Amino acid sequence: MLQIPGNLRYLKAVGITSGFYFYNKEMFSVTRILVNGALGRMGSEVVRTVLKQSDMKLVAAVDIMAKDKTVEGTDLIFDTDLDSALRNTKPDIVVDFTRPDVVMKNLRTILNAGVCAVVGTTGFSQSDMAELDDLAKKNNSGILIAPNFALGAILMMKVACEAAKYFPQIEIIELHHDQKLDAPSGTAILTAKKLAEVRGGFVAQGNPAEEEKLEGARGAEYEGMHIHSVRLPGFVASQEIIFGSAGETLKIRNDSINRECYMPGVMLGCRKIAERKGLVYGLDQLL
Ligand code: NAD
């Protein structure tokens, strides 16, 4: 965020700049945003959303696939190089929706430039997250990694944690569009971790003698919980958590119908992450 110069801060404190302050409101409150992966399905939605915010300014749109393209409705030309865009446009925050195989390199560049990051890209390991936490703290920056920015998905996890206290036998089915690269989804992994904490670690499920007639039939496993990944055209992002008990089942399901559902969460992350230092994992930590 732009800093109020010291002398103006003093004048404002003594109450003689209110007219000047309101006249120049933008100068004091506009957050400069760079969107990385700006041509992608999520990145392009973030670009459109940032352009509609009165307290944000889109200073750069970066995508390796961009060539001489202009951001629709603006004079801004897409950049292909993150490093030079950071140096030339000096953003406060980078929003990254790129790919699991390139995101760590991007984030090292962003954090080493002393810039905060709001990250929707999925596919991080525990050691990746430890490295990013260290790097952010060293550079006095905040980084939000949110495997899911949809409010409904966050509530789904919260409600599921309550249900897991009474129904510890759980399986997760996540369903996404067929272009998704990583499986299981970041949301499914985060859900399983949260549920495992409630269950207190490993819980044996199913018949101990069960046998897969086709490899992978029982899905992935986390602390005894099975996770199944569906990839089909037609889905955006859905997840169902099934709780089984004697004589009854309980299902909690969230469906993202289109990518607009993520935008309030991304904007919230942009507004709040500069107040934090180090890694914040999960949007629920900022709500
Ligand atoms: P996409 O393939 O449509 O877009 C990715 C974009 O990144 C592409 O335009 C590509 O050219 C660009 N790109 C690739 N490498 C780059 C690099 N090194 N520098 C700059 N740009 C680069 O993918 P998508 O559907 O927009 O998803 C992006 C990521 O976001 C995925 O990891 C996906 O799982 C995740 N996702 C997260 C959420 C969430 O709520 N956190 C929601 C949806 C998708």
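The values are calculated or read from the model by the stated rules, or taken from the named source; none is laboratory data. These figures come from a predicted structure and were not determined experimentally. Here the Cβ is made from the backbone with ideal geometry for all residues, glycine too, and neighbour counts use every protein chain on show.
The table for this structure:
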item	result
Failed item, numbered, when LEU175 is tested on (1) touching a Phe, Trp or Tyr at 6+ places or on another chain (Cβ under 7 Å); (2) of a type outside the set (Val, Ile, Thr); (3) free of Cβ contacts under 8 Å to residues at least 60 places away in the same chain	(3)
Check on ALA163, outside the structural domain of GLN239 (by TED's automatic domain parsing) and of a type in the set (A, V, I, L, M)	no
Evaluation of THR70 against (1) touching a Phe, Trp or Tyr at 6+ places or on another chain (Cβ under 9 Å); (2) under 23 Å from ASP182 (Cα atoms) (one fails), failing number	(2)
Count of region 212-266 residues which are within 16 Å of the ligand (Cβ to nearest atom) and more than 20 Å from GLY201 (Cβ to Cβ)	24
Residues satisfying the stated conditions in region 39-75, i.e. of a type in the set (S, T, N, Q) and surrounded by fewer than 17 Cβ atoms within 10 Å (Cβ to Cβ)	GLN53, SER54, THR70, THR74
Those strands (runs of 3 or more DSSP E) lying entirely in region 213-287 with at least 2 residues buried (at least 17 other Cβ atoms within 10 Å of the Cβ)	225-231, 237-245, 248-256, 278-281
Subset of region 131-153 (residues that are modelled with pLDDT under 95, surrounded by fewer than 21 Cβ atoms within 10 Å (Cβ to Cβ) and under 27 Å from MET104 (Cα atoms))	LEU151
